[in-house]
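Chemist: Before I ask anything, let me first share the structure, which is written out below as structure tokens.
The values are calculated or read from the model by the stated rules, or taken from the named source; none is laboratory data. Keep in mind the model is a prediction, meaning the values are calculated, not measured. A quick note on method: Cβ atoms are made from the backbone with ideal geometry, for glycine too, and the neighbour counts reach across all protein chains shown.
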Amino acid sequence: MPLIHLTTVIHAPLPRVFDLSRSITLHKRSMEHLQEEAVKGRTSGLIDYDESVTWRAKHLTKMRELTVRITAMQKPQYFCDEMEKGDFTFMKHEHFFREIENGTVMIDIMEFGTPYGRFGKWFEKIYLRKYMKRLLQLRNKIIKEYAESEKWRVILD
């Protein structure tokens, strides 16, 4: 079972980083290269506890859908989204936020599993873990870029 752990320091207030992290609009912008769009559930604004969103995007040459639900939220320190429907056997993404002297530390912990037995495990190890990590790093880069500039106002105002 792959585990991805990322830590990102963002020089912006914790509430701003927390809200940008749950913005459907900003997530779509960070994944434009995959033609990602929210097609069901919460499709714009800030996703909240017990809400779901279905994402459609092109991964590995095929359009795929993934439905996630926010299963826990402690504003503005934590939220968790978990897969309800999709290509993984399971997926859990925890988001932690801690205030520091000059901004916010954002921590992502993501676990997922793939079907197809040994082939799935091999695919996770050889390719999928790195692919998912790059997607999270790109998402975090966009959150940082918006949070540390005036661009955040376009998303949250």
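Chemist: State which residue pairs qualify: first residue farther than 20 Å from LEU138 by Cα and inside the stretch 93-116, second residue of a type in the set (D, E, K, R) and modelled with pLDDT of 95 or more in any location, beta carbons under 9 Å apart, and separation of 6 or more residues or different chains.
Modeler: Close Cβ pairs (under 9 Å, with a partner that is of a type in the set (D, E, K, R) and modelled with pLDDT of 95 or more) do not exist here.
Chemist: Condition check: of a type outside the set (S, T, N, Q), surrounded by fewer than 16 Cβ atoms within 10 Å (Cβ to Cβ), closer than 22 Å to LYS151 by Cα and at pLDDT below 95. Does HIS33 satisfy that?
Modeler: Yes: the conditions hold for HIS33.
Chemist: Does the stretch 24-59 hold any residues that are among the aliphatic types (A, V, I, L, M), touching a strand residue (DSSP E or B) at 6+ places or on another chain (Cβ under 7 Å) and touching a residue at least 24 places away in the same chain (Cβ under 8 Å), and which are they?
Modeler: ILE24, MET31, LEU34, VAL39, LEU46, ILE47, VAL53, ALA57
Quick grid of which residues meet (1) charged (D, E, K, R); (2) modelled with pLDDT under 95; (3) over 23 Å from LEU128 (Cα atoms):
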{"position": "PRO2", "(1), (2), (3)": "no, yes, no"}
{"position": "VAL9", "(1), (2), (3)": "no, no, yes"}
{"position": "VAL53", "(1), (2), (3)": "no, no, no"}
{"position": "HIS59", "(1), (2), (3)": "no, yes, no"}
{"position": "GLN77", "(1), (2), (3)": "no, no, yes"}
